[in-house]
Ligand code: FES
Ligand code: FES
């Protein structure tokens with residue numbers, strides 16, 4: 001029975017080891033922010049962080065995640081608080097989420113859970129990315145581009161830059 | 001009860017009536033209700049729970065306001081931003097007073113109608129309802145203060161006059177007031193109810209709330225993970241379903257595949273006519289079992305589609321365009337007038353997919369008493385309600401639609417035919433438990449409606465002075481409003497009719513209207529004709545399915561504007577004139593001229609004829625193009641700057657500039673975001689998108705066979721919002737921005753290469769053929 005940490009909590013999973021993480025999160029663990037987009041690792045709507053690295057939950061079997069740490073958008077505020085040693089505050093958002101509000105990034109928003117995960121991964125490695133860095137992260141760094149049908153890419157770029165400033169305490 | 005008493009006397013408020021239904025001990029509320037025409041008050045409103053207020057606008061004793069609309073949101077933000085601003089404006093309150101918006105649920109909202117033209121048409125309902133409400137409250141204040149209505153004024157929710165003042169809340173406190181406003185239409189009709197009469201409206205020059213860049217309040221709960229999306233809804237005893245759709249758009253079921261209970265315990269196979277599905281309490285099991293059953297299921301052969309490779313030729317040579325009567329667009333003079341030089345071109349627009357990032361998903365609960373609760377993400381909840389009732393042959397009073405946030409789909413489910421809804425209802429009815437149907441990516445690509453393909457023939461005659469003398473266009477294609485639910489078709493159950501020339505519902509006609517407003521009024525001889533047909537493959541398909549089409553963004557107008565704007569750029573080149581100046585020279589509309597002049601400045605446009613001069617031996621050719629659209633009183637122009645690599649056929653968009661005079665700008669922040677995203681989606685369509693299909697089925701089934709724009713392909717993008725000062729209509733956002741990218745890019749391609757691009761997408765294989 002695989003045991004993993006999801007958003008800081010240790011969870012034991014009943015599903016069979018071949019079950020993709022996405023179905024375990026949404027079905028068994030009630031973690032709903034990763035979305036089903038394609039089930040084919042082609043879009044990024046299901047993206048989560050596994051030990052800090054962006055992965056596609058729709059094709060990642062739960063059996064491969066024993067002992068790993070999974071973070072979804074719901075878990076980003078706690079991740080940030082822990083990284084910064086901040087006291088728990090239920091109203092605090094992760095800087096990426098805050099930037100997404102400030103810049104009014106989402107149109108429909110369905111792709112943005114994966115977008116925020118990808119940008120969080122980027123900023124944890126590269127705190128001051130250029131436009132080209134952000135575009136590359138969203139396009140060529142993973143198994144497929146992170147797709148937005150609403151084509152909110154201009155807003156996503158604005159959001160990523162603002163998040164970088166918020167993380168650096170410059171905004 | 002002692003604290004409630006009826007008081008006599010209704011007051012007439014510009015045709016609405018205000019009644020004081022009672023005084024209550026604490027609190028107080030003003031409800032704005034519907035006054036349905038006599039005779040059709042009840043049947044259609046039955047699913048409105050009479051115990052709960054379903055008023056348009058509800059004012060509370062603390063001066064907060066709840067507003068309700070049957071329209072939905074899938075990324076436009078309008079009902080949570082612009083609508084609150086418009087209502088607050090007419091009420092004379094600050095926008096923050098509108099604390100609650102209830103949207104889309106058929107049992108909790110009053111008006112119905114589809115989510116289109118949100119600002120242009122639909123907002124008029126809210127605006128009038130608010131204006132009636134303000135007038136009613138002024139009446140209350142006049143009585144309370146003992147002064148004439150004309151002596152009163154409102155500011156920030158406070159009504160003052162005769163030395164006295166009171167807030168909205170104070171004026172209604174302790175009472176239950178009902179304001180009944182006049183409406184016409186039918187709740188579950190395509191267009192829903194329309195508020196009638198002419199209450200006095202605030203003069204736009206006095207606006208304080210409209211025009212503010214307020215934030216969209218639903219974004220914070222979305223990004224924090226608090227929002228319940230349609231795919232997140234769960235019910236006790238719910239089963240997960242995966243539908244096994246037929247092998248082709250015309251195949252019927254021969255033999256369902258085997259489901260091995262040892263391998264998939266708990267899974268069941270369900271069949272309703274040609275609707276086949278696997279259900280299981282465990283979602284992943286349903287996915288796996290459905291795959292196995294699908295591979296083992298036999299469908300009849302069917303091969304009657306022309307294939308996407310031969311589609312243009314099919315439309316040009318195989319369709320009998322004489323069955324559906326033609327329509328006329330702009331028409332003046334005599335296009336047979338002899339001209340000095342001639343341009344003629346044949347243009348083609350492929351089928352496009354709405355392609356939401358999340359495939360269609362719905363949860364239906366059909367109860368033992370036959371009532372239906374459907375949790376979905378529709379664009380027209382009341383119309384979907386009518387479609388479900390029709391499919392089940394039950395009264396509309398039996399059906400309730402609840403609407404949730406979901407993936408943006410840009411128009412597809414106008415009539416609630418996004419896909420999974422009716423299938424979920426049929427499966428829940430068959431099994432007696434709630435059923436959640438999640439379409440897989442291939443279901444959504446293969447079985448949803450598409451945006452119609454179209455061909456156009458355009459002939460332009462130039463006079464000796466190089467000006468356009470004649471313009472003649474014929475636009476031909478299948479219609480874009482097929483509202484037949486797919487599950488009902490597969491199950492052989494009743495639906496509204498497919499598009500036909502004599503459809504009783506005018507919006508569902510097979511006729512091809514001319515949707516692109518003519519803006520080149522200085523051309524003396526003009527003739528535009530629209531030719532319609534049936535859905536491709538529909539008549540040949542035993543399922544009556546074929547390639548069903550439904551509106552996307554600027555339905556029909558995009559398909560007509562692209563050939564027109566590309567042909568105008570070609571005519572300008574033939575005349576040896578600059579493409580932007582050529583447009584200005586042929587318009588008589590000062591707003592067209594102003595937008596184009598502004599575009600010239602904002603884009604740094606270099607005035608010169610096309611094609612652009614080529615450097616010797618250049619491997620990359622660069623050019624710029626322009627396009628223009630008039631839609632819903634909004635004037636939009638676009639300049640595209642392209643780089644074309646002839647050796648590889650690669651087209652790269654380097655820069656886009658949009659200028660919009662959309663009328664009154666309700667929310668500049670949201671409009672800008674909408675315009676940016678709409679334009680980028682337009683680039684996606686122009687660079688990549690085309691639905692491929694073989695003789696039986698759609699073959700663009702995932703993101704590798706239906707690629708869309710990536711972040712890396714995003715050009716430098718500038719959006720300039722320049723509203724005309726005297727505008728009195730509210731401006732829409734992203735639709736025209738979306739349509740204008742393709743013709744501007746094709747114009748830039750012409751400028752760069754000297755060769756016309758008379759089709760999209762500008763994929764390498766097509767580009768090489770264009771340059772060959
Ligand atoms: S749903 Fe996992 S990548 Fe699309
Ligand atoms: S915001 Fe709608 S898909 Fe990205």
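Only one of (1) at pLDDT 95 or above; (2) away from chain A (no Cβ under 14 Å); (3) closer than 30 Å to residue B:742 by Cβ is not met by residue B:353, so which one is it?
Of everything listed in (1) at pLDDT 95 or above; (2) away from chain A (no Cβ under 14 Å); (3) closer than 30 Å to residue B:742 by Cβ, residue B:353 misses just condition (2).
Run down A:69, A:30, A:54 and say which single residue is on the phi > 0 side of the Ramachandran plot and more than 16 Å from ligand 2 (Cβ to nearest atom).
A:30
Kindly indicate whether any position in segment B:352-367 is at positive phi and within 16 Å of ligand 2 (Cβ to nearest atom).
Scanning segment B:352-367, I find at least one residue that is at positive phi and within 16 Å of ligand 2 (Cβ to nearest atom), so the answer is yes.
Anything in segment B:440-460 that is surrounded by fewer than 23 Cβ atoms within 10 Å (Cβ to Cβ) and either over 32 Å from the mean Cα position of the chain (by Cα) or closer than 22 Å to residue B:336 by Cα (or both)? List them, or say none.
Residues satisfying the conditions are B:457, B:459.
So residue A:125 passes all but one of these: (1) within 16 Å of ligand 1 (Cβ to nearest atom); (2) surrounded by fewer than 24 Cβ atoms within 10 Å (Cβ to Cβ); (3) free of Cβ contacts under 8 Å to residues at least 12 places away in the same chain. Which condition number does it fail?
(1)
Quick one: in segment A:93-118, which of the residues that are closer than 22 Å to residue B:707 by Cα and away from ligand 1 (no atom under 16 Å from the Cβ) is farthest from the other protein chains (Cβ to nearest Cβ)?
A:106
Hey, among the residues in segment A:41-67 that are touching a residue at least 40 places away in the same chain (Cβ under 8 Å) and away from ligand 1 (no atom under 16 Å from the Cβ), which one's nearest to residue A:26 (Cα to Cα)?
A:63
Listed residues B:159, B:181, B:154; which is more than 24 Å from residue B:664 (Cα to Cα), in the same structural domain as residue B:134 (by TED's automatic domain parsing) and over 33 Å from the mean Cα position of the chain (by Cα)?
None of the others qualify; the one that does is B:159.
Give the residue, chosen from A:104, A:9, that is within 16 Å of ligand 2 (Cβ to nearest atom), over 13 Å from the mean Cα position of the chain (by Cα) and surrounded by fewer than 24 Cβ atoms within 10 Å (Cβ to Cβ).
The match here is A:104.
To keep it simple, each residue is scored yes or no on (1) part of a helix (DSSP H, G or I); (2) surrounded by fewer than 22 Cβ atoms within 10 Å (Cβ to Cβ).
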{"residue": "B:538", "(1), (2)": "no, no"}
{"residue": "B:564", "(1), (2)": "yes, no"}
{"residue": "B:572", "(1), (2)": "yes, no"}
{"residue": "B:593", "(1), (2)": "yes, yes"}
{"residue": "B:598", "(1), (2)": "yes, yes"}
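Report the residue count in segment A:137-171 for those that are within 30 Å of residue B:76 (Cβ to Cβ) and part of a helix (DSSP H, G or I).
Residues meeting the conditions: 17.
Looking at B:515, B:488, B:498, can you tell me which residue is more than 16 Å from residue B:321 (Cβ to Cβ) and surrounded by fewer than 21 Cβ atoms within 10 Å (Cβ to Cβ)?
B:515 is the lone residue from the list that is more than 16 Å from residue B:321 (Cβ to Cβ) and surrounded by fewer than 21 Cβ atoms within 10 Å (Cβ to Cβ).
Take segment B:222-253 and flag every residue that is at the interface with chain A (Cβ under 9 Å from one of its Cβ atoms), buried (at least 23 other Cβ atoms within 10 Å of the Cβ) and under 26 Å from the mean Cα position of the chain (by Cα).
Matches in segment B:222-253: B:222, B:223, B:231.
Go over the candidates A:109, A:159, A:114 one by one and state the one that is touching a strand residue (DSSP E or B) at 6+ places or on another chain (Cβ under 7 Å) and within 16 Å of ligand 2 (Cβ to nearest atom).
A:114
Looking at segment A:148-169, is at least one residue in contact (Cβ under 8 Å) with a residue 40 or more places away in the chain, over 22 Å from residue B:217 (Cα atoms), surrounded by fewer than 19 Cβ atoms within 10 Å (Cβ to Cβ) and within 14 Å of the chain's Cα centre (by Cα)?
No, that holds for no residue.
Hey, can you tell me all the residues within segment B:386-407 that are more than 16 Å from residue B:495 (Cβ to Cβ) and either away from ligand 1 (no atom under 16 Å from the Cβ) or not assigned by TED's automatic domain parsing to the domain that holds residue B:366 (or both)?
Across segment B:386-407, the qualifying residues are B:395, B:397, B:398, B:400, B:401, B:402, B:403, B:404, B:405.
Those residues that are farther than 18 Å from residue B:218 by Cα and at the interface with another protein chain (Cβ under 7 Å from one of its Cβ atoms), I need them from segment B:664-676; list them, please.
Listed by number, the list holds a single entry, B:676.
Considering A:102, A:74, A:91, which residue is under 21 Å from residue B:227 (Cβ atoms) and at pLDDT below 95?
Only one candidate passes the filter, namely A:91.
Between A:118, A:135, which is in contact with a helix residue (DSSP H, G or I) (Cβ under 9 Å, 6 or more places away or on another chain) and under 30 Å from residue A:17 (Cα atoms)?
Being in contact with a helix residue (DSSP H, G or I) (Cβ under 9 Å, 6 or more places away or on another chain) and under 30 Å from residue A:17 (Cα atoms) holds for just one of A:118, A:135, which is A:118.
Checking the conditions here, which among B:517, B:467, B:484 is under 22 Å from the mean Cα position of the chain (by Cα) and under 30 Å from residue B:581 (Cβ atoms)?
Of B:517, B:467, B:484, the one residue that is under 22 Å from the mean Cα position of the chain (by Cα) and under 30 Å from residue B:581 (Cβ atoms) is B:517.
Being outside any strand (DSSP E or B) and in contact with a strand residue (DSSP E or B) (Cβ under 9 Å, 6 or more places away or on another chain) is the filter here, so list the residues in segment B:616-631 that pass it.
Of everything in segment B:616-631, those that are outside any strand (DSSP E or B) and in contact with a strand residue (DSSP E or B) (Cβ under 9 Å, 6 or more places away or on another chain) turn out to be B:619, B:620.
Just to check your reading of the model, which residue among B:406, B:419 is touching a helix residue (DSSP H, G or I) at 6+ places or on another chain (Cβ under 7 Å) and within 16 Å of ligand 2 (Cβ to nearest atom)?
Matching residue, one of B:406, B:419: B:406.
Among the numbered conditions (1) part of a loop (DSSP other than H, G, I, E, B); (2) farther than 27 Å from residue B:702 by Cβ; (3) within 12 Å of chain B (Cβ to nearest Cβ), tell me where residue A:127 comes up short.
(3)
Residue B:261 is checked against (1) part of a loop (DSSP other than H, G, I, E, B); (2) crowded, with 18+ Cβ neighbours inside 10 Å; (3) away from every other protein chain (no Cβ under 14 Å) and fails just one. What number does that condition carry?
Exception for residue B:261: condition (2).
Condition check: touching a residue at least 40 places away in the same chain (Cβ under 8 Å), under 18 Å from the mean Cα position of the chain (by Cα), more than 11 Å from every other protein chain (Cβ to nearest Cβ) and over 25 Å from residue A:145 (Cα atoms). Does residue A:4 satisfy that?
Yes.
Just wondering, is there one or more residues in segment A:16-23 that are over 26 Å from residue B:238 (Cβ atoms), in contact with a strand residue (DSSP E or B) (Cβ under 7 Å, 6 or more places away or on another chain), assigned to a strand (DSSP E or B) and outside the structural domain of residue A:80 (by TED's automatic domain parsing)?
Scanning segment A:16-23, I find no residue that is over 26 Å from residue B:238 (Cβ atoms), in contact with a strand residue (DSSP E or B) (Cβ under 7 Å, 6 or more places away or on another chain), assigned to a strand (DSSP E or B) and outside the structural domain of residue A:80 (by TED's automatic domain parsing), so the answer is no.
Could you tell me whether any residue of segment A:68-88 is within 16 Å of ligand 1 (Cβ to nearest atom), in a helix (DSSP H, G or I) and in contact (Cβ under 8 Å) with a residue 24 or more places away in the chain?
Yes, segment A:68-88 has at least one match.
The values are calculated or read from the model by the stated rules, or taken from the named source; none is laboratory data. Remember, predicted model here, so these are calculated numbers, not experimental data. Note that we place each Cβ from the backbone using ideal geometry, even for glycine, and neighbour counts take in every protein chain shown.
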